[in-house]
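Working notes for the structure below.
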Amino acid sequence: MKKKEQLKKITVFLFLSSIFLVPITMVFTEDKSINEIENKILQKFPRFNYENVKSGRFMKNFDTYVSDQFPGRNMFLYTKNGLNYMSGQREFRDTYITSGGRLLEKYIENKESLKINVSEINNISDGLDIKKTLFLVPNSVSIYEEELPSFSLTDSQEDSFEFISNLIDIEFYTPFDSLKKNKDKYIYYNTDHHWTQLGAKLAFEEFYNKKVNSEYSLVSERFYGSYYSKAMLKNMNPDKLYAYKSFGNFENEFDGLKSETLYDVSKLDSKNKYQYFLSGDPAKGVIHGSGNGEILVIKDSFAHNFLPFLAQEFKKIHVIDPRYSNVDIRDYINQNKEIKEVLFLFSLSTINSGNIFKR
């Protein structure tokens, strides 16, 4: 009986301690601006004024603030997700974990987004008397769908490619078949949404009908990507990052910053090691290659480890990311008369998730 009473007292003590200890800890702990593991910008303490209180913004933002700045947040998330995994859960924030330890993101087709973005590409391309291609990369879930848990819900990306092919007015290419044939190779990261540079190389070789001869070198052994930030499971093995290093030494200028390499070694010390390719998410820039002619690449981040191959194919590569740049693309092409080819290079998920040309 005494033991039962002692257990009650300990439980009450721990409960009351947590009620008072957490707020006190938050008061004396400096707020963090970003959670690198979750790859998330954290809510700062909201501004307290009459308008914010009246509109409800203060309480809404305060709830987010408490959740984001909660002491030991990462530890609690790891513990919670780990227990859920042990109980049989295999879906974490629209990301499935396969029996082989691969993370795959659910794909839900958004026909409206596809129509909007394909229409924008058609409008940009209309009347341009140069080669124009829409180059769409499938996501890993379409390549490894047989590994998904039995209850998984995800739409067919092949159906989306067919839908797009009926809308687009310019040449359309997807490396889906080529990547599917090589799915036993390390062509996608297991914890990130991007393809590896090997996957990009296979697509380049098929699209341009040229072979890439270069050593594929290990540059990092511990890469936890965007899918890992969603699932946050401690038992996940890190990805390895490889690169065709001999394709990196090209002068370039992105967003006003000049460099003599397309590979940024400093990013290997950060959480998002994929930024090793092209040093982040630049909005606009130029690469001075060793080939012939000029090309404009309108892209998302899937192009970042593809561009080094283009740098040996073309003399000059113009690069624009419509998500971050407000450049008028048609004006840009008209002002740069030497551009003889335009390549719209995106992952399917990018053009499936809202108007990327709204800027």
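The values are calculated or read from the model by the stated rules, or taken from the named source; none is laboratory data. All values reported here derive from a predicted model rather than from experimental measurement. No Cβ is skipped: glycine too gets one built from the backbone with ideal geometry, and neighbour counts run over all protein chains shown. The protein model used for the area step is the full one, side chains on, heavy atoms only, and it has no ligands, DNA or RNA in it. Shrake-Rupley method; radii C 1.70, N 1.55, O 1.52, S 1.80 Å.
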> exposed (fewer than 13 other Cβ atoms within 10 Å of the Cβ) and farther than 21 Å from residue 176 by Cβ - does that describe any residue in segment 139-151?
Replying inline: yes
> Can you name every residue in segment 156-167 that is under 15 Å from residue 116 (Cα atoms), open to solvent by 20 Å² or more (accessible area, probe 1.4 Å) and not polar (S, T, N, Q)?
Replying inline: 163, 167
> Scanning for something within 30 Å of residue 97 (Cα to Cα) and assigned to a loop (DSSP other than H, G, I, E, B), does segment 239-253 turn up at least one residue?
Replying inline: yes
> Would you call residue 267 open to solvent by 10 Å² or more (accessible area, probe 1.4 Å), part of a loop (DSSP other than H, G, I, E, B) and not polar (S, T, N, Q)?
Replying inline: no
> Restricting attention to segment 83-102, which residues are at pLDDT 95 or above and under 10 Å from residue 233 (Cα atoms)?
Replying inline: 97
> If you check 180, 185, 211, which single one turns out to be free of Cβ contacts under 8 Å to residues at least 24 places away in the same chain, of a type outside the set (S, T, N, Q), out of contact with any Phe, Trp or Tyr (no Cβ under 9 Å at 6 or more places or on another chain) and closer than 30 Å to residue 94 by Cα?
Replying inline: 185
> Which residues, counting only those in segment 255-264, are part of a loop (DSSP other than H, G, I, E, B) and of a type in the set (Ser, Thr, Tyr)?
Replying inline: 261
>> Taking the conditions exactly as written (assigned to a helix (DSSP H, G or I), within 29 Å of residue 297 (Cα to Cα) and open to solvent by 60 Å² or more (accessible area, probe 1.4 Å)), does residue 116 satisfy them or not?
In response: yes
> Name the residues in segment 138-188 that are touching a Gly at 6+ places or on another chain (Cβ under 8 Å), among the hydrophobic types (A, V, I, L, M, F, W, C) and outside any loop (DSSP other than H, G, I, E, B), would you?
Replying inline: 179
> What about residue 191, is it out of contact with any strand residue (DSSP E or B) (no Cβ under 6 Å at 6 or more places or on another chain) and either within 20 Å of residue 329 (Cβ to Cβ) or buried (at least 16 other Cβ atoms within 10 Å of the Cβ) (or both)?
Replying inline: no
>> Against the definition (touching a Leu at 6+ places or on another chain (Cβ under 8 Å) and surrounded by fewer than 20 Cβ atoms within 10 Å (Cβ to Cβ)), how does residue 174 come out, yes or no?
In response: no
> Which members of segment 76-120 meet the condition of being out of contact with any Pro (no Cβ under 9 Å at 6 or more places or on another chain), of a type in the set (Phe, Trp, Tyr) and within 14 Å of residue 149 (Cβ to Cβ)?
Replying inline: 85, 92
>> Given the options 353, 347, name the one that is in contact with a Phe, Trp or Tyr (Cβ under 6 Å, 6 or more places away or on another chain) and under 18 Å from residue 119 (Cα atoms).
In response: 347
>> Here's a check for you: in segment 317-340, which residue that is under 26 Å from the mean Cα position of the chain (by Cα) and not hydrophobic (A, V, I, L, M, F, W, C) is nearest to residue 287 (Cα to Cα)?
In response: 318
> Does residue 315 qualify as being basic (Lys, Arg), open to solvent by less than 10 Å² (accessible area, probe 1.4 Å), within 23 Å of residue 173 (Cβ to Cβ) and in contact (Cβ under 8 Å) with a residue 12 or more places away in the chain?
Replying inline: no
> If only one of 108, 130, 121 is open to solvent by 10 Å² or more (accessible area, probe 1.4 Å), among the hydrophobic types (A, V, I, L, M, F, W, C) and over 19 Å from the mean Cα position of the chain (by Cα), which one is it?
Replying inline: 130
> Limited to segment 324-359, what total is found for residues that are touching a residue at least 40 places away in the same chain (Cβ under 8 Å) and assigned to a loop (DSSP other than H, G, I, E, B)?
Replying inline: 11
> Restricting attention to segment 270-309, and to residues there that are of a type in the set (S, T, N, Q) and not in a loop (DSSP other than H, G, I, E, B), which single residue is least open to solvent (accessible area, probe 1.4 Å)?
Replying inline: 301
> So how many residues does segment 296-326 have that are among the acidic types (Asp, Glu) and more than 16 Å from residue 354 (Cα to Cα)?
Replying inline: 1
